[in-house]
There are 2 protein chains.
Amino acid sequence: MATLVAPVQHSHIEDAKALYKACKGWGTDEKAVISILGHRTAAQRQQIRLAYQNLYQEDLVKRLESELSGAFEKAVYRWILEPADRDAVLANVAIKKACPDYHVIIEIACVHSPEELLAVRRAYQLSYKLSLEEDVAAHTTGDLRKLLVALVSVLRYDGPEINARLAKSEADILEDAIKNKAFNHEEVIRILTTRSKAQLMATFNRYRDDCGTSITKIIRNAIKGAGTDEDALTRVIVTRAEKDLKVIKEVYYKRNSVTLEQAVAKDTSGDYNAFLLTLLGKAD
Amino acid sequence: MATLVAPVQHSHIEDAKALYKACKGWGTDEKAVISILGHRTAAQRQQIRLAYQNLYQEDLVKRLESELSGAFEKAVYRWILEPADRDAVLANVAIKKACPDYHVIIEIACVHSPEELLAVRRAYQLSYKLSLEEDVAAHTTGDLRKLLVALVSVLRYDGPEINARLAKSEADILEDAIKNKAFNHEEVIRILTTRSKAQLMATFNRYRDDCGTSITKIIRNAIKGAGTDEDALTRVIVTRAEKDLKVIKEVYYKRNSVTLEQAVAKDTSGDYNAFLLTLLGKAD
């Protein structure tokens, strides 16, 4: 389901040397950076970073940050980090903004498996000497705080078991809450933030059967008509290229009747464009 | 700081055989059960359980449950489980009661290190196919739910770093909340449920310096004048015998001017009494 095209065999020492060469002297060979890093898995990228450190006593991440710029730099920086560290950075940047990007927090909390979310929370503590829930709680208030803190703190049960009786009773609770427009209803927050994904699917299916309409619509509006949200675009492509970006591409095409590659090609340019298209699986 | 007296060397096969003998035929040799299990560490108890299973194709825990009874049975059952499994059982029993024992949930959430609490949450999921936070949320409402769900869900930062400026500002928030008797104040819940223990100590110290009184008093009222809360007594002794029961004994004596052993001796009897005193470190 990944779009990333990476070789099974590669020499991380040769890769480190090639990256050193790409960064040496005036200017940077961005194409070389893309052709290497855009075709390496998370594990391979860590080996390259380690080899680079050993060969040149310098952090590859810092070097690239000083060589690259703009949206391309941001995308490469997020890409090169280990997934949990990357999400910790994304979460921290999102919550520390003057107007926090709450949807980034929701995305991190909901897209991951329980164990992956736990890894992000551990990475966050290592980097920031605070817990993720602590920072989220300190930068939010009211119902939003209730929802977000619970979403990032929960270790959902990950098993396949569902309780049909519970699905019925909680579908009723959701129906009542939606009818009465009580969207801040504590019970709604409780259900959404504590039940397992399997149980929630059962509840949502039950709701759909009872009410005739689906309770959820997954809306990804990273690319809008006017202007591009580069942060969101980078985030989705970088975090999903090794996971399920192929599926996202398919859904995107079905919804929009243009391919995600076409949309990216139209709304971005230069090295940033080339890098995203590489991660989307385009042949060099 | 533990009170448990356990041999460095022991044969878990011999222990398993001795326990089998103690349970065989009519009646049970409770003294033998106490003299073995009351002197074995958590790791040793697990080895004995495994050896018993291999020797007799029977679960020692189930066998003991059928042989023993009352408060003694409960105490032995809790004692023989691995600490995380034991806390999962304690939490489940507490939250499923018609009138839930909320203080048990608070105790489990607050006494443990962040990693220990996480181990309890994992054990809970394995045993009950639901998350701890899910069950706590489903059996509580209102402010109590907010507090308890947050307490069991948090993975507090465990480092020693403190932020003095933050301690001052959050001590002020606590002072305001207490003055205005707004004990359900969202900010109070946020501070107590997300900050690291080191940061909370700094905040509480700051509060004491500013207000002249201490914000916390640790009150253990497991043994009251009239009647004994056997569940609480068992819980404290069984869960702390290998950790810090020695310190608890000292604090108990300072507060009550009788030793914890004297209080236990006065308020309990029989095998239950003998077992608790063994875990309290009394020589056989």
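The values are calculated or read from the model by the stated rules, or taken from the named source; none is laboratory data. The model shown is predicted, which means the values in this text are computed figures rather than measured ones. Every residue, glycine as well, gets a Cβ built from its backbone with ideal geometry; the counts of neighbours run over all protein chains shown. Remember, those area values only see protein heavy atoms, side chains included, never the ligands or the DNA or RNA. Shrake-Rupley method; radii C 1.70, N 1.55, O 1.52, S 1.80 Å.
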Kindly compute the accessible surface that chains B and A hide from a 1.4 Å probe when together, both sides summed, and give it to the nearest 100 Å². 2500
If the cut-off is 23 Å between C-alpha atoms, which lysines fall inside it for residue B:24, apart from same-chain ones fewer than 8 positions away? B:62, B:74
Of all the residues in chain A, which one has the C-beta that comes nearest the axis relating A to B, and what is the distance in Å? A:153, 2
Placing +1 on the Cβ of each Lys and Arg and -1 on the Cβ of each Asp and Glu in the protein assembly as shown, which of A:273, A:34, B:42 has its Cα farthest towards the positive end of the resulting dipole? A:273
Under the rule rounded for a/c under 1.5, else prolate if a/b exceeds b/c, else oblate, using alpha carbon gyration tensor axes a ≥ b ≥ c, region B:98-210 is classed as oblate
Percent of Cα-Cα pairs per 10 Å bin, from 0 to the last occupied bin, for region A:1-127, please list those. 12, 39, 33, 16, 1
About its Cα centre, what dipole magnitude does region A:12-68 give when the only charges are +1 on Lys and Arg Cβ and -1 on Asp and Glu Cβ, stated in debye to the nearest 20? 100
Above 15 angstrom, tally the Cα pairs of region B:164-211 and express them as a % of all pairs, no decimals. 35
For region A:12-68: rounded, prolate or oblate by the Cα gyration tensor [a/c cutoff 1.5]: oblate
In degrees between 0 and 90, to the nearest 10, how far off the longest principal axis of chain A does helix A:270-279 point, with axes built from Cα atoms? 60
Are there GluC sites (Glu not before Pro) in region B:109-178 that DSSP puts in a loop and that have at most 15 other Cβ atoms within 10 Å, and which ones? B:161
Checking rank on A:206-212, B:126-132, with mean other Cβ inside 10 Å and highest first, the result is B:126-132, A:206-212
Report, for residue B:205, each distance to the same residue's label point in the other copies, shortest first and in nm; define the point 7 Å along Cα→Cβ. 5.5
Along each principal axis, Cα extent of region B:83-153, largest first, Å: 28, 21, 16
Between residue B:56 and the same site in the other copies, what are the distances in nm, shortest first, taking label points 7 Å from Cα along the C-beta direction? 6.7
Mean separation of Cα contacts under 8 Å (at least 6 apart) over the residue count of chain B, i.e. the relative contact order in percent, is 24
Rounded to the nearest whole number, the per residue volume of the convex hull around the C-alpha atoms of region B:34-102 in Å³ is 105
Which of the aspartates and glutamates could a cross-linker span from residue A:254 if the Cα-Cα distance has to be under 20 Å and same-chain partners fewer than 8 positions apart are dropped? A:244, A:267
Size of charge dipole - chain A - debye, nearest 20, with Cβ of Lys, Arg +1 and Asp, Glu -1, no other charges: 280
What gaps in nm, shortest first, separate residue B:265 from its twins in the other copies when you place the label 7 Å past Cα toward the beta carbon? 8.8
Using only the Cα atoms of the protein assembly as shown, what are the Rg and Dmax in Å? 28.5, 90
Angle between chain A longest axis and helix A:114-128 axis [Cα atoms, degrees, rounded to 10]: 60
Using alpha carbons only, how many angstrom separate the centre of region A:1-43 from the centre of region A:73-108? 23
Dipole magnitude of the protein assembly as shown about its Cα centre (Cβ charges: Lys, Arg +1; Asp, Glu -1), debye to nearest 20: 120
Could you tell me how many degrees, from 0 to 90 and to the nearest 10, lie between the Cα long axis of helix B:245-256 and the main elongation axis, the longest principal axis, of the Cα atoms of chain B? 60
In terms of the Cα gyration tensor, with a ≥ b ≥ c the square roots of its eigenvalues, is region A:230-279 rounded because a/c is under 1.5, prolate because a/b exceeds b/c, or oblate? oblate
Would you list which lysines come within 18 Å of residue B:168, measuring only between C-alpha atoms, while excluding same-chain residues fewer than 8 positions from it? B:179, B:197
Shielding of B:126-133 by partners, i.e. mean partner chain Cβ atoms within 10 Å per residue? 5
Of the accessible area of the protein assembly as shown, with the probe set at 1.4 angstrom, what percent is carbon plus sulfur? 55
At a temperature of 20 °C and a viscosity of 1.002 mPa s, determine how fast chain A diffuses translationally according to Stokes-Einstein, using the Kirkwood radius over alpha-carbon pairs as Rh; express D in µm²/s, rounded to the nearest whole number. 103
